[in-house]
Each structure stands twice: as structure tokens, then as C-alpha cells.
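Structure first, commentary second.
The values are calculated or read from the model by the stated rules, or taken from the named source; none is laboratory data. Note that the coordinates shown come from a computational prediction; the quantities given were computed from them, not determined experimentally. Every residue, glycine among them, receives a Cβ derived from its backbone with ideal geometry; neighbour counts consider all protein chains shown.
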């Protein structure tokens with residue numbers, strides 16, 4: 001892991017996702033499982049207490065949510081039918097990547113809102129044509145997070161990061177979103193244009209939970 005220190009954390013995350021997903025899709029999940037879990041453990045050991053808490057909180061939310069969405073609600077399905085082991089720790093990589101990018105951008109809810117503005121016309125068009133009628137709901141959810149959530153810039157950044165990763169993963173066939181959203185009358189694109197709303201929801205839970213744990217610890 002000595003070479004890991006020479007890479008910026010952001011580059012490491014991007015390379016892990018960019019290279020790991022095609023290996024998982026075309027060769028085997030196991031090399032990706034081993035690398036991602038090993039990287040997570042390495043970063044956990046190097047992290048300070050607060051970041052360790054965040055890492056564990058991400059896992060505690062990402063694992064059951066992924067299993068619920070893919071195994072119970074069935075809004076998407078993984079290539080080999082069961083969630084790969086690298087997925088929960090992968091949520092930490094994407095969360096930390098988004099946060100690091102967000103800290104380098106201008107702060108403020110107005111700026112964050114403008115970042116998700118480009119989603120609006122395409123979401124409306126997809127809903128009108130029936131390609132993705134669920135997009136309107138996801139757009140409202142995403143806007144609500146940006147408007148009232150504790151980390152608006154993070155949610156806006158995640159909207160774009162999640163879409164990029166989802167486009168890569170679905171193009172490779174690593175997972176596939178159902179065009180008809182179960183339990184609803186909605187349709188969805190593969191992937192949904194505003195799939196980042198799911199990630200923003202998870203990130204908001206992490207933000208709130210970590211803050212509450214820190215307050216409880218400092219009492």
C-alpha cells in the first residue's frame with residue numbers, strides 16, 4: 001500500500017471505480033472485492049476518529065439500503081443477481097470523493113441549486129415522452145436536499161458523480177435499472193437521470209447521524 005500514499009485520494013477513488021467496474025463485469029468480482037475492502041481497511045486504519053465514524057456510518061446505511069433496493073424493491077439488479085461485496089465500501093469512496101470536490105467549490109445554496117439546473121429540461125422531456133416519469137419525483141427530492149439539507153454542495157456534486165458512475169456501470173452491464181419501477185406506476189431510464197438523489201439521501205443520513213454522534217460524544 002506504499003504506492004497509495006503517492007496518489008491523491010481523489011485519483012485513487014476515480015481509478016478504483018473506472019478500472020474496478022469493467023474487471024467486475026468482464027472478469028470476476030473477487031479481485032475488485034479484495035482491492036476495495038483492502039483499500040477501505042487501509043484508509044480506516046489511517047483515518048482519524050471522526051472519519052472512522054463516518055466510514056462505519058456509511059457502511060451501516062449503504063449495506064441495508066443496497067440490499068433493499070436490489071433484492072426487495074428490485075428497482076435494479078446486479079449482473080450476478082446478488083450485491084457484490086465491494087458495493088458498500090464503494091459508497092464510502094464516492095461519498096468521500098464528492099465531499100472533497102464539494103469543499104473546493106463555492107459554498108452556498110444558490111450555487112448548489114444552479115448546479116442541478118441542467119437536469120431540469122431533460123427531466124421534463126423524459127417525463128413527457130414517458131422514458132423516465134420517475135425523474136420528476138427524483139428532481140423534487142434532489143432540490144429539497146439542496147434547499148434544506150445540511151450539505152447542499154455535496155448533494156449537487158453527488159448528482160453528477162453518481163450519474164457518471166451509473167452510466168459507466170450500466171453501460172458495462174455490471175447492474176441494470178428496471179424500466180418499470182416496481183410498486184409504482186412510474187418508468188425509469190437505465191440509469192435514472194437523477195439517480196444521484198438516492199446517493200444524496202444516503203449522504204444526508206450520514207451527515208446527520210455523524211453530527212448527532214459527535215454531539216453525544218462531546219456531552
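Could you check residue 28 against (1) modelled with pLDDT of 95 or more; (2) farther than 20 Å from residue 101 by Cα; (3) part of a helix (DSSP H, G or I) and say which number it fails? For residue 28, the failing item is (3). Only a single criterion out of (1) closer than 23 Å to residue 52 by Cα; (2) in contact with a strand residue (DSSP E or B) (Cβ under 9 Å, 6 or more places away or on another chain) is not satisfied by residue 189, namely (1).
For the range 38-84, the set of residues classified as surrounded by 17 or more Cβ atoms within 10 Å (Cβ to Cβ) and in contact with a strand residue (DSSP E or B) (Cβ under 7 Å, 6 or more places away or on another chain) consists of 70, 75, 76, 78, 84, listed by residue number. As for the range 142-163, it holds at least one residue that is without any contact (Cβ under 8 Å) to a residue 40 or more places away in the chain and either under 14 Å from the mean Cα position of the chain (by Cα) or not in a helix (DSSP H, G or I) (or both). Residues in the range 183-200 that are in contact (Cβ under 8 Å) with a residue 60 or more places away in the chain, assigned to a helix (DSSP H, G or I) and in contact with a helix residue (DSSP H, G or I) (Cβ under 7 Å, 6 or more places away or on another chain): 199 only. For the range 116-132, the condition holds for at least one residue, the condition being that it is assigned to a helix (DSSP H, G or I), within 17 Å of residue 160 (Cβ to Cβ) and without any contact (Cβ under 8 Å) to a residue 24 or more places away in the chain. State whether the residues of the range 74-83 include one that is over 16 Å from the mean Cα position of the chain (by Cα), assigned to a helix (DSSP H, G or I) and more than 15 Å from residue 159 (Cα to Cα). No, because not a single residue in the range 74-83 is over 16 Å from the mean Cα position of the chain (by Cα), assigned to a helix (DSSP H, G or I) and more than 15 Å from residue 159 (Cα to Cα).
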